[in-house]
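Read the structure below first, then the notes.
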Amino acid sequence: MSHSQWLILFLLFVSTGGLFGQEEELLETPPEQEKKLEWSGNLDVKYTLFNMDQNSAQYKLQFFKERSSPTLVSQYKIEPYLNADYRTGDLGFVLKTHATYYSDANAQFDLFESYGSFNPSLNVTLQSGKLMYSWGKGYAFNPVGFVNSVKDPENPELAQAGLLSANVEYIKSFESDVLQSFAMMFVVIPSSELLNSRYGDVEKTDIALKTYFLLWDTDIDVMAYYSKDKPKRYGIDFARNLKENFEIHGEVSLNLNSQRYSIVNDSINFSSADNYSYLYGARYLSETNVTIIAEYYHNGLGLTTSEYQLYGNYLQKRTVNNNPLAIQQALGISQTYFRSSTLMQDYLYFKIIYPEPFDMLYFTPSLYTIYNLADKSFLLSLQMNYKPVTNIEFIFWPSALIGGNLTEYGSKQVQERIELWMRVFF
Amino acid sequence: MWLYIPKVNKPVRITSLQSVVGGVFNNADIMQLEYSAEYNATFGIGTEKENLLDLKAKNKSVAYDKLKMWITKDKNILRKVEAYSASGMLIKTLEFKKDKNFGGGLIRPSVIETYSPLYKGYRSLMIYQSIKKRQFPDEVFTLNYMGRLGDLK
């Protein structure tokens with residue numbers, strides 16, 4: 001089916017939202033709808049101490065222009081988040097903004113989300129603008145997150161920037177012991193490659209579809225992503241409670257003709273192939289309110305151990321003679337093709353959260369690790385949250401990256417870091 | 001049971017044993033449970049003004065194995081619930097106080113206070129300021145609708 005045929009189908013689907021609305025007029029609506037504008041947000045103030053690895057190739061590339069390259073560096077930044085939510089009847093408008101301020105000369109503003117929504121009925125929602133999606137059941141990784149923002153596995157719950165798109169969702173509930181709920185979401189994503197900074201090629205409009213079933217008390221999603229110039233992707237996920245306090249979940253995605261990057265013969269190599277990425281995970285809650293999350297993640301596009309070593313050697317060679325051209329080239333390749341937080345193939349994620357241990361009120365420590373199963377390097381982090389009063393939170397967060405010189409976590413420019421956060425919410 | 005935190009934008013499966021609001025309450029205490037679906041009940045020895053119901057869980061997936069409920073004889077208002085584990089240990093007590101007329105013929109306790117021998121010295125309270133009668137289709141109580149529940153306020 002061509003792109004224009006898909007778009008016609010989308011428009012037909014949207015226009016029949018009115019028909020779905022008419023058959024479900026069971027709701028008592030008040031005679032006058034309240035108009036409501038709500039503001040919310042938070043200010044994050046973050047101070048971080050980094051213990052740098054001066055022998056790391058990444059460190060040499062990043063700091064080659066600096067006259068002094070200290071081992072211990074600090075970073076102080078402010079991140080305000082400001083959100084607006086306006087609702088009147090069936091119409092809504094959401095705005096989520098974010099800024100990062102290092103200094104007057106180094107500040108950045110992000111529009112995380114800005115979208116309008118319309119509900120012709122309680123079964124149907126139309127949304128258009130820039131909005132965030134959260135496909136998948138995984139906590140730290142989402143192989144089926146085809147339309148998701150890139151998630152930081154160290155902080156999976158942090159707000160991220162959304163996707164310029166439009167979607168329509170239909171929800172239906174059933175009185176049945178087998179299929180209790182069904183939903184379908186259809187997403188249209190305009191081309192992100194802009195011409196003259198404003199125009200996109202219509203032929204490069206992408207389409208995504210997700211269907212949801214609550215089947216025998218199991219959440220099941222089936223999703224697909226179609227694009228003319230990006231890999232086509234298909235996926236499925238599930239989540240189920242085996243016991244009241246024990247949940248399992250999984251995701252698997254098939255990515256067709258995906259672009260893969262590696263270093264071959266000391267230069268960047270492009271290849272493409274079909275691949276599977278998948279995740280299995282579980283969540284357990286103990287009688288003492290301790291939560292344990294464990295996930296195994298396979299990245300089908302990831303580098304093998306030897307490929308990562310070739311990449312590491314490539315970067316090291318570029319730093320030997322301090323040649324600015326070679327360093328710039330290596331930095332460009334690293335930041336363009338090897339930016340992911342999970343460059344290799346197999347990872348284990350493990351997290352323990354223990355709210356208020358030993359009656360320490362308002363205090364929640366959590367310990368987590370991301371372990372690279374291939375090269376045995378890992379990140380270990382202890383996050384300590386303290387919320388003494390409503391709307392304020394303090395976080396003390398030491399982390400260590402451990403592994404050999406040519407391992408993924410061992411070769412990073414930061415060896416240890418300590419973060420101090422203060423968060424004020426309103 | 002699922003929990004949705006707007007900031008996270010993703011529903012997560014939780015258990016009725018968990019406390020998502022903090023304090024002594026857990027999810028089972030907050031929800032309006034259909035007790036007849038989860039418990040078998042018999043009359044115990046009440047008082048002059050109150051009936052006592054002894055409830056036994058039908059299966060192990062229920063939050064509390066046994067409940068004792070005190071209900072007023074005149075208006076059938078719930079006054080106190082004691083929740084016990086399978087071993088007979090008292091886990092927590094919930095008291096329903098300060099009856100209030102919420103309008104529309106609804107008179108019910110406006111304060112739920114809970115305390116537990118497991119959390120000595122602490123009490124948690126839920127205070128109902130107002131109750132609005134609404135009617136929703138079943139689709140509102142589905143996973144995919146959770147992101148829009150705030151629109152129903």
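The values are calculated or read from the model by the stated rules, or taken from the named source; none is laboratory data. Since the model is a prediction, treat every value here as computed from it, not as a measurement. Reconstructed Cβ throughout: ideal geometry from the backbone, glycine too, with neighbour counts over all protein chains shown.
Out of the residues in the stretch A:322-344 that are in contact with a strand residue (DSSP E or B) (Cβ under 6 Å, 6 or more places away or on another chain) and not in a helix (DSSP H, G or I), which is surrounded by the most Cβ atoms within 10 Å (Cβ to Cβ)?
Of everything passing the filter in the stretch A:322-344, A:MET344 is surrounded by the most Cβ atoms within 10 Å (Cβ to Cβ).
Scan the stretch A:83-111 for residues that are within 24 Å of A:ALA166 (Cβ to Cβ) and aliphatic (A, V, I, L, M) and report the count.
Final tally of qualifying residues: 5.
For the stretch A:174-185, enumerate the residues that are more than 13 Å from chain B (Cβ to nearest Cβ) and either aliphatic (A, V, I, L, M) or part of a strand (DSSP E or B) (or both).
Correct list: A:VAL178 only.
Name the residue that is surrounded by the fewest Cβ atoms within 10 Å (Cβ to Cβ), counting only residues in the stretch A:181-199 that are of a type in the set (S, T, N, Q) and in contact with a helix residue (DSSP H, G or I) (Cβ under 7 Å, 6 or more places away or on another chain).
Among those residues, the one meeting the criterion is A:SER191.
Surrounded by 12 or more Cβ atoms within 10 Å (Cβ to Cβ) and closer than 18 Å to B:ASN26 by Cβ: is that true of B:ILE91 in this structure?
Here the answer is yes, as B:ILE91 does meet what is asked.
Which ones in the stretch A:105-159 are in contact with a Phe, Trp or Tyr (Cβ under 7 Å, 6 or more places away or on another chain) and of a type in the set (S, T, N, Q)?
Those that are in contact with a Phe, Trp or Tyr (Cβ under 7 Å, 6 or more places away or on another chain) and of a type in the set (S, T, N, Q): A:SER121, A:ASN123, A:GLN127, A:SER128, A:ASN142, A:ASN148.
Can you tell me which of (1) surrounded by 18 or more Cβ atoms within 10 Å (Cβ to Cβ); (2) more than 30 Å from A:GLU307 (Cβ to Cβ) is the one A:GLU408 doesn't meet?
Result: A:GLU408 fails condition (2) only.
Only one residue in B:LYS68, B:LYS49, B:LYS75 is in contact with a strand residue (DSSP E or B) (Cβ under 6 Å, 6 or more places away or on another chain) and either more than 14 Å from chain A (Cβ to nearest Cβ) or not basic (Lys, Arg) (or both), so which one is that?
Exactly one residue qualifies, and that residue is B:LYS68.
Could you grab me the full set of residues in the stretch A:150-173 that are modelled with pLDDT of 90 or more and part of a loop (DSSP other than H, G, I, E, B)?
A:GLY162
Please specify each residue of the stretch A:127-137 satisfying the condition of being among the small types (Gly, Ala, Ser) and facing chain B (nearest Cβ under 10 Å).
Once the filter is applied, which keeps residues that are among the small types (Gly, Ala, Ser) and facing chain B (nearest Cβ under 10 Å), the stretch A:127-137 yields A:SER134, A:GLY136.
Of the residues A:PHE358, A:PHE378, A:PHE394, only one is surrounded by 17 or more Cβ atoms within 10 Å (Cβ to Cβ), more than 27 Å from A:GLN259 (Cβ to Cβ) and not basic (Lys, Arg); which?
Going through A:PHE358, A:PHE378, A:PHE394 in turn, the sole match is A:PHE378.
I'd like the full set of residues that are at pLDDT 95 or above and basic (Lys, Arg), limited to the stretch A:335-375.
Once the filter is applied, which keeps residues that are at pLDDT 95 or above and basic (Lys, Arg), the stretch A:335-375 yields only A:LYS351.
Please indicate, with yes or no, whether at least one residue in the stretch A:311-331 is out of contact with any Phe, Trp or Tyr (no Cβ under 6 Å at 6 or more places or on another chain), within 29 Å of A:VAL147 (Cβ to Cβ) and not aromatic (Phe, Trp, Tyr).
Taking every residue of the stretch A:311-331 in turn, none turns out to be out of contact with any Phe, Trp or Tyr (no Cβ under 6 Å at 6 or more places or on another chain), within 29 Å of A:VAL147 (Cβ to Cβ) and not aromatic (Phe, Trp, Tyr).
Could you list all residues from the stretch A:327-359 that are closer than 21 Å to A:PRO156 by Cβ and over 20 Å from the mean Cα position of the chain (by Cα)?
Listed by number, the residues that qualify are A:ILE352, A:ILE353, A:TYR354, A:PRO355.
Considering only residues that are surrounded by 17 or more Cβ atoms within 10 Å (Cβ to Cβ) and farther than 14 Å from B:VAL24 by Cβ, look in the stretch B:110-137 and name the one that is farthest from the other protein chains (Cβ to nearest Cβ).
B:SER110
For (1) among the hydroxyl-bearing types (Ser, Thr, Tyr); (2) assigned to a strand (DSSP E or B); (3) within 14 Å of chain B (Cβ to nearest Cβ); (4) on the phi < 0 side of the Ramachandran plot, each residue gets a yes or a no:
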| site | (1), (2), (3), (4) |
| --- | --- |
| A:ASP221 | no, yes, yes, yes |
| A:LYS228 | no, no, no, yes |
| A:GLY235 | no, yes, no, yes |
| A:PHE238 | no, yes, yes, yes |
| A:ILE248 | no, yes, yes, yes |
| A:GLU251 | no, yes, yes, yes |
| A:LEU256 | no, yes, no, yes |
| A:GLN259 | no, yes, no, yes |
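All but one of (1) away from chain B (no Cβ under 14 Å); (2) polar (S, T, N, Q); (3) under 30 Å from A:MET384 (Cα atoms) hold for A:THR291, so report the exception by its number.
Looking at each condition in turn, A:THR291 falls short on (1).
Looking at the stretch A:80-104 only, could you name the residues that are over 11 Å from A:ASN42 (Cα atoms), of a type in the set (Val, Ile, Thr) and surrounded by 15 or more Cβ atoms within 10 Å (Cβ to Cβ)?
Answer for the stretch A:80-104, where residues must be over 11 Å from A:ASN42 (Cα atoms), of a type in the set (Val, Ile, Thr) and surrounded by 15 or more Cβ atoms within 10 Å (Cβ to Cβ): A:VAL94, A:THR100.
Counting residues that are at pLDDT 80 or above, within 14 Å of another protein chain (Cβ to nearest Cβ) and surrounded by 14 or more Cβ atoms within 10 Å (Cβ to Cβ), which strands (runs of 3 or more DSSP E) fully inside the stretch B:1-44 reach at least 3?
Of the strands (runs of 3 or more DSSP E) lying wholly inside the stretch B:1-44, those with at least 3 residues that are at pLDDT 80 or above, within 14 Å of another protein chain (Cβ to nearest Cβ) and surrounded by 14 or more Cβ atoms within 10 Å (Cβ to Cβ) span B:10-13.
How many of the residues in the stretch A:145-160 are under 9 Å from the mean Cα position of the chain (by Cα) and either closer than 18 Å to A:TYR115 by Cα or away from chain B (no Cβ under 12 Å) (or both)?
So the answer is 7.
Inside the stretch A:200-240, can you point out the residues that are crowded, with 18+ Cβ neighbours inside 10 Å and of a type in the set (S, T, N, Q)?
Scanning the stretch A:200-240 gives a single hit, A:THR205.
Could you tell me whether the stretch A:360-370 includes any residue that is without any contact (Cβ under 8 Å) to a residue 40 or more places away in the chain, part of a helix (DSSP H, G or I) and more than 23 Å from the chain's Cα centre (by Cα)?
Looking through the stretch A:360-370, none of the residues is without any contact (Cβ under 8 Å) to a residue 40 or more places away in the chain, part of a helix (DSSP H, G or I) and more than 23 Å from the chain's Cα centre (by Cα).
What single numbered condition from (1) closer than 14 Å to A:GLN127 by Cα; (2) within 11 Å of chain B (Cβ to nearest Cβ) fails to hold for A:ILE189?
The single condition A:ILE189 does not satisfy is (2).
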